[in-house]
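These notes concern the structure reproduced below.
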Amino acid sequence: MVEYEYFCIYGFRTVYPVTWKVELDPKSERSEGNVTIKSPEKANIVVSWGLLEKAKKRYSFLKEHAKDSINRIKKESKIKKVELVQTKDIQVNSHKAIFSHIRIIFSMPKLLPFGKAKTYEQEVYSLHFYCEPSKRYFVVYGVTTSDKSVQQGRIFKNIIQSFICHKAKASPTNK
């Protein structure tokens, strides 16, 4: 059974497995940034955030934002195929969110002229949502190999179900 503890920064909170490593991008600040949660088995889950105003200027709807993220993956040069396994609307901390699960098949170039190109698969779980109270958008995504997908899916689900992006301001007890 996976044990979790809280990670909290810049007014949002979630959980992560205690055996995983947390790395905050040094350029991160309250308005935008990202944190990567890394498993010992090389699977990663990234939480990115940015100004909601920026996202709303670029995208008319949340669905468009989520779809664009998938389309950008499709444009990567080494990607042979992107399969949308599942997409659905869910709730995260009272916000409408879009959850997506995609399977990516990569094609590695052949080394010899008559050799065969190698392919391998990865699974990506993603979540997009907009938080009006904090004036930020959040994108959470996890990348893993297909053989670890079920385990990674459970961890991803725990991270997004525990996600709190806004609440009342903290009140220090000794003023």
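What percent does the relative contact order of the chain come to when contacts are Cα pairs within less than 8 Å and at least six residues apart?
22
Taking only the Cα atoms of region 1-67, how large is their convex hull per residue, in Å³?
Dividing the Cα hull volume of region 1-67 by its residues yields 119 Å³.
Taking chymotrypsin sites (Phe, Trp or Tyr not before Pro) as exposed when DSSP calls them loop (any state but H, G, I, E, B) and at most 13 other Cβ atoms lie within 10 Å, what is the longest stretch of the chain free of them, the sites themselves excluded?
Result for the longest clean stretch: 115-175.
Per DSSP helix of 4 or more residues, -39500 (n - 2.57); summed, then divided by the residues of the chain. What does that give at 222 nm, rounded to the nearest 500?
That comes out to -5500 deg cm²/dmol.
Kindly report the accessible area of the chain per residue (heavy atoms of protein chains, probe 1.4 Å, no ligands, DNA or RNA), in Å².
Accessible area per residue, the chain: 64 Å².
Quick check: Cα centre of region 40-77 to Cα centre of region 120-153, how many Å?
Each part reduced to its Cα centre gives a spacing of 9 Å.
Say the cut-off is 29 Å between C-alpha atoms; which of Lys42/Lys75; Lys63/Lys148; Lys75/Lys167 go over it?
Lys75/Lys167
Of all alpha-carbon pairs in the chain, indicate the percentage at a distance above 28 angstrom.
For the chain, the share of Cα pairs beyond 28 Å comes to 28 percent.
Which whole-number percentage describes the relative contact order of region 4-78, with Cα contacts under 8 Å and a sequence gap of 6 or more?
17
Just to confirm the number: angle between the C-alpha axis of helix 62-74 and the first principal axis of the chain, 0 to 90 degrees, nearest 10?
Taking the Cα atoms of the chain, the angle to 62-74 is about 30 degrees.
Output the 0 to 90 degree angle, nearest 10, between the alpha-carbon long axis of helix 149-161 and the longest principal axis computed from the alpha carbons of the chain.
20
The values are calculated or read from the model by the stated rules, or taken from the named source; none is laboratory data. Keep in mind that what you see is a predicted model, and the values were worked out from it rather than measured. Using ideal geometry, Cβ is built from the backbone for each residue, glycine included, and neighbour counts are taken over all protein chains shown. Side chains are part of the model used for accessible areas, which takes the heavy atoms of the whole protein and leaves out ligands, DNA and RNA. Shrake-Rupley method; radii C 1.70, N 1.55, O 1.52, S 1.80 Å.
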